2 protein chains.
Amino acid sequence: MSYLGIGISPGNVASYHGGKMKLIDQRLRLTEVLLRCSVSVFALLALILMVTDTQVKRIFVVEKRAKYTDMKSLVFLVVANGIAAAYSSLQSVRCVAGSMKGSVLFSKPLAWAIFSVDQAMAYMSVAAIAAASESGVIGIRGEEKLQWMKVCNMYSKFCYQGAGVVASASIASIAMVIVSCISAFSLFRLYGATQRRLNLAVMK
Amino acid sequence: MSYLGIGISPGNVASYHGGKMKLIDQRLRLTEVLLRCSVSVFALLALILMVTDTQVKRIFVVEKRAKYTDMKSLVFLVVANGIAAAYSSLQSVRCVAGSMKGSVLFSKPLAWAIFSVDQAMAYMSVAAIAAASESGVIGIRGEEKLQWMKVCNMYSKFCYQGAGVVASASIASIAMVIVSCISAFSLFRLYGATQRRLNLAVMK
């Protein structure tokens with residue numbers, strides 16, 4: 001996966017770092033840990049709020065219960081947040097371990113793997129929120145011309161909690177997008193660093 | 001915006017390049033041009049297919065016409081694809097101009113701007129497709145428990161063309177996601193390259 005076929009390990013990169021670079025690296029690592037923890041917390045919160053969101057309405061003799069399984073998009077939101085929470089928890093542990101050791105933990109292939117999964121997570125969470133929001137908009141305003149009636153006037157408590165779910169999932173999603181940028185930075189700057197070897201070779 | 005407060009222009013980076021690096025740079029630029037052109041073409045195709053998608057049904061004496069403005073998510077899809085097509089066309093011109101000059105055109109702030117807008121475009125197009133797909137799934141299968149009836153059995157021609165729109169927009173979206181990775185690479189490798197100056201300073 002090396003850009004020039006010349007490998008450079010993150011450990012070597014770390015050894016070049018001056019004081020400023022080390023400080024910035026530490027701050028970046030701390031930011032990453034905080035963001036990954038935020039993703040875990042808010043994605044889990046969204047999941048719990050969604051799964052516990054239910055409302056019963058009695059219409060004459062018929063009892064109707066609204067729950068997240070009534071909408072495919074909300075099931076997708078629950079699954080996506082579950083995956084994001086679990087993945088981010090694992091990554092948080094890795095980041096904390098890296099911070100405690102004070103070293104860049106991962107190799108280039110691992111950096112590629114983390115970058116790829118981070119990207120996938122970010123896009124998945126954005127897609128899940130977009131789909132759930134679309135259902136939410138139809139639930140609140142209806143689609144008159146298609147005769148899809150609004151349901152939030154009937155299940156207002158369910159919809160208010162649902163709005164909280166989307167808000168919480170959105171915070172997790174924004175954090176995930178920023179994390180994916182940080183992992184892109186962590187990966188791609190390694191390719192710039194390979195130039196040092198070229199330069200040294202030229203200078204010799 | 002400099003990582004270490006030490007600026008390095010892409011022009012300088014380019015001047016360090018060996019033969020291999022130049023070749024890879026050229027291939028990367030060519031890939032970027034092709035991908036940006038693909039985004040323009042497929043986003044424009046999705047827009048045209050969507051805007052021209054219409055079907056009339058006569059139910060007794062009432063005439064009903066299905067069109068994209070009946071669904072908010074399809075309006076969003078049209079707007080998102082319009083923006084993506086216009087932006088990618090402009091970026092394609094910039095890339096082609098860069099390729100013809102044979103140099104890396106942009107400065108670091110411009111690289112940051114392009115990276116940011118590319119990211120925004122990629123997430124916007126994924127969100128638009130997710131929202132439109134959710135509407136599409138409801139249109140095809142309905143949401144029985146919410147009494148949102150399926151409409152695609154009635155407007156099958158409209159829905160088939162709509163599926164084509166989503167397919168075309170998805171190709172544009174995948175290309176946009178890859179482009180956003182390339183612009184992340186183009187930007188963040190500059191930060192690795194700044195180390196050369198540090199190293200030279202240390203060596204002195």
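Some points to look at:
- The A-B contact accounts for approximately 4900 Å² of buried accessible area, totalled over both chains at a 1.4 Å probe radius.
- Here, segment B:85-172 is characterised by an Rg to Rh ratio of 1.22, where Rg is the alpha-carbon radius of gyration and Rh the Kirkwood radius.
- Here segment B:27-198 is treated as an ellipsoid with the same Cα gyration tensor; its semi-axes, largest first and in whole Å, are 41, 16, 10.
- Measuring from each Cβ of chain B to the axis that turns chain B onto chain A, the shortest distance belongs to B:192, 1 (residue, then whole Å).
- Rounded if a/c under 1.5, otherwise prolate or oblate - segment A:146-189, Cα gyration tensor axes: oblate
- Residue pairs, from the table A:101/B:22; B:72/B:145; A:157/B:64; A:108/B:101; A:157/B:157; A:64/B:67, whose Cα atoms sit over 28 Å apart: A:101/B:22; A:157/B:64; A:108/B:101; A:157/B:157; A:64/B:67
- Surface accessible to a 1.4 Å probe, per residue, for the residues of segment A:17-203, Å²: 47
- Nearest-first distances (nm) between copies at residue A:117, label 7 Å from Cα via Cβ: 3.4
- Label geometry 7 Å along the beta-carbon vector: residue B:144 inter-copy distances in nm: 3.0
- Within the accessible area of segment B:27-198 (1.4 Å probe), percent carbon and sulfur: 71
- Label point of residue B:31 (7 Å along Cα→beta-carbon): distances to the other copies' equivalent points are 2.6 nm, sorted ascending.
- Overall form of segment B:123-165 per C-alpha gyration tensor (a/c, 1.5; a/b vs b/c): oblate
- Length-normalised contact order for segment B:21-140 - Cα pairs under 8 Å, 6+ apart - percent: 31
The values are calculated or read from the model by the stated rules, or taken from the named source; none is laboratory data. None of the values given here were measured: they were computed from a predicted structure. Quick reminder, even Gly has a Cβ in these numbers, built from the backbone with ideal geometry, and neighbours come from all protein chains shown. Surface areas here come from the heavy atoms of the whole protein model, side chains and all, with no ligands, DNA or RNA. Shrake-Rupley method; radii C 1.70, N 1.55, O 1.52, S 1.80 Å.
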